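Q: Dropping a structure here in structure tokens format, bear with me for questions.
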Amino acid sequence: MGASMNGIAAAIGDLVQKIGRPVRLMEVCGTHTVAIFRHGIRDLLPAGVSLLSGPGCPVCVTAIADVDRAVALARQPGVLLATFGDLLRVPGSAMSLAEARAGGAQVAVVYSPLDALELAAANPGHQVVFFATGFETTSPLIAATLLTAQERATGNFSILSVHKLVPPALRALVATPELAVDGFLLPGHVSAIIGVDPYRFIAAEGGRPAVVTGFAAADILEGIWLLLRQLAAGAARVENQYQRVVRPEGNPRALALLDAFFEPADAVWRGLGTIPASGLTLKPAYAELDASRRLPVAVPAAREPAGCDCGAILRGLKTPPDCRLFGRACTPERPVGACMVSSEGSCAAYHRYGQRPAPPVGPAA
């Protein structure tokens, strides 16, 4: 658009007047959620535009059953479980990985999957399991680590894959009858891997506009302007505001690496339930790298924390202040749900930056 932030904000105001009704937009990505708060984007928007957070925080959508499985693995004799730090305090049915570690389980925090592979080399007497979470942004890095593990013939390394794929989750969300969202801001990082085409169904089947955006304040505002421009024109298509990073075809090398090791599988998402072909599991040829095959553990039925509205928040049906636990029983220091644990979680962002009350949720026009 090439205008200043105030200029874009003024253009947004003109479009809202033209639309003539309140508009609810969802930023899918947790990084967008944090950036919107940090840049004060909501303060620049007219009262007729509301922003909701979606299921774009990988820690937040990790199912309790998957946390329970990771805890059970960590408590097995001879197992060293490696995980990213933001997963350490995610509550499971009975305990978090942090609590399991306090009770004697061997849990190590790493900053990359390659760090976990190095742990395996340094601890030949242990089975090192990497708790592999994330979206299409991080899964190619894990595939590259698996390739390195093969090249090094590291026999004591495997992963517990709970990767998620963003487009199937959005397809499930768009099909939700109660969804009160007029348009979507799509994740720039994920789109740099998968491109733009996998989102076409949002417009074609869901009848809603969508825009891939970057993370600078001007990127986000321009993405909102592009969405409102479509709504004002009665249009629904997928646009790419982040063209300097995101190519229409994505990153073919990263996609080929993913395809070499993984195949789609049904996956459980917190708040969205089981979504067909929305996860990644290792292909049978790589069973030796699959912790769920090498180290099977019994996991009882998962239990959701009482009173937690994380699932409804991830679907855009509620905002964090709507949850009766928010800021009271659930805080970053004492999180009840995963949305308060992750630095990209909507509850954590609302708690850190504060937020004016959102309008009541109603059906999108």
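Q: What is the magnitude of the charge dipole of the range 114-207 about its Cα centre, with +1 placed on the Cβ of each Lys and Arg, -1 on the Cβ of each Asp and Glu, and no other charges, expressed in debye to the nearest 20? List each step's numbers first, then the result.
A: Working: 4 positive and 8 negative charges, 29 e Å.
My answer is approximately 140 debye.
Q: Using the Cβ atoms and a cut-off under 9 Å, what net charge is assigned to the surroundings of Gly56, where Lys and Arg are +1 and Asp and Glu are -1? All intermediate terms of the calculation are to be shown ahead of the outcome.
A: Details: positive: none; negative: Glu27, Glu344.
Its environment carries a net charge of -2.
Q: Suppose R0 equals 41 Å; then what is the FRET efficiency for Glu99 and Thr176 from their Cβ-Cβ distance, rounded to the nearest 0.05?
A: Numbers: r = 34 Å, r/R0 = 0.82.
The formula returns an efficiency of 0.75 here.
Q: A further question follows. Counting C-alpha atoms alone, how compact is the chain: give Rg to one decimal and Dmax as a whole number, in angstrom.
A: Answer for the chain, Rg first and Dmax second: 20.7, 67 Å.
Q: How fast does the range 220-273 diffuse by Stokes-Einstein, in µm²/s, taking the Kirkwood radius from C-alpha pairs at 4 °C and 1.567 mPa s? Present the calculation step by step, with values, prior to reporting the outcome.
A: Values: Rh = 14.7 Å.
The calculation lands on 88 µm²/s.
Q: Using only the Cα atoms of the range 106-156, each taken as one equal point scatterer with no solvent, compute I(q) by the Debye sum, divide by I(0), and report log10 of the ratio at q = 0.32 Å⁻¹.
A: With no solvent term, the Cα-only Debye profile gives -1.39.
Q: By how many nm would the segment from Leu141 to Val245 grow when fully extended, if each residue of separation counts as 0.36 nm and the alpha-carbon distance is taken off? All intermediate terms of the calculation are to be shown ahead of the outcome.
A: Values: separation 104, 0.36 × 104 = 37.44 nm, distance 1.81 nm.
Length difference between fully extended and current span is 35.6 nm.
Q: Further question: Can you give me the % of accessible surface on the range 131-253 that is carbon or sulfur? Probe 1.4 Å, all protein chains present, nothing else counted.
A: Values: 2240 of 4210 Å².
Reported share for carbon and sulfur atoms: 53 percent.
Q: I've got another one for you. Taking C-beta distances below 4.7 angstrom as the pairing criterion, name the unpartnered cysteines of the chain, in sequence order.
A: Taking the Cβ cut-off of 4.7 Å, the unpaired cysteines of the chain are Cys29, Cys308, Cys323, Cys330.
Q: May I pose another question? I'd like the distance between the alpha-carbon centres of the range 117-132 and the range 213-277, rounded to an integer number of Å.
A: 33
Q: For a bin width of 10 Å, list the pair-distance distribution of the range 74-121 built from all Cα-Cα distances, rounded to whole %.
A: The calculated distribution, bin by bin, is 28, 54, 17, 0.
Q: In whole Å, what three semi-axes, largest first, describe the equivalent ellipsoid of the range 116-223 built from its Cα gyration tensor (square root of 5 times each eigenvalue)? Mind showing how you got there, number by number?
A: On the way: eigenvalues 276, 47, 25 Å².
Here the semi-axes work out to 37, 15, 11 Å.
Q: I'd like to know which of Ala232, Pro248, Leu221 lies farthest towards the positive end of the charge dipole of the range 150-250, counting +1 on Cβ of Lys and Arg and -1 on Cβ of Asp and Glu.
A: Pro248
Q: Another question about this same structure. State to the nearest 20 debye the size of the charge dipole of the chain about its Cα centre, where the only charges are +1 on K and R beta carbons and -1 on D and E beta carbons.
A: Values: 31 positive and 29 negative charges, 123 e Å.
Roughly 600 debye for the chain.
Q: Right, something else. Taking Cα pairs under 8 Å and at least six residues apart, what relative contact order does the range 32-97 come out at, in percent? Before the final figure, lay out the partial values.
A: Working: 41 pairs, mean separation 18.5, N = 66.
So the answer I get is 28 percent.
Q: What are the principal axis extents of the Cα atoms in the range 38-131, in Å, biggest first?
A: 60, 29, 18
Q: Let me ask you something else. Under a Cβ-only charge scheme (Lys and Arg +1, Asp and Glu -1), can you give me the dipole magnitude of the range 246-356 about the Cα centre, in debye to the nearest 20?
A: Details: 14 positive and 11 negative charges, 86 e Å.
The calculated dipole for the range 246-356 is roughly 420 debye.
Q: Run the numbers on the range 188-276 and let me know its relative contact order in percent, using alpha-carbon pairs under 8 Å that are six or more apart. Show your work: numbers first, answer last.
A: On the way: 111 pairs, mean separation 31.5, N = 89.
Across the range 188-276, relative contact order equals 35 percent.
Q: Calculate how many DSSP beta bridges within the chain are antiparallel, expressed in % of all such bridges and rounded to the nearest 5. Kindly include the intermediate steps, with their values, before the conclusion.
A: Values: 10 of 39 bridges.
Antiparallel bridges: around 25 percent, rounded to the nearest 5.
The values are calculated or read from the model by the stated rules, or taken from the named source; none is laboratory data. This one's a predicted model, so the numbers in the text were calculated from it and none came from an experiment. Neighbour counts run over all protein chains shown; Cβ positions are idealised from the backbone, glycine included. Just so you know, the surface numbers come from the protein's heavy atoms only, side chains and all, with ligands and any DNA or RNA stripped out. Shrake-Rupley method; radii C 1.70, N 1.55, O 1.52, S 1.80 Å.
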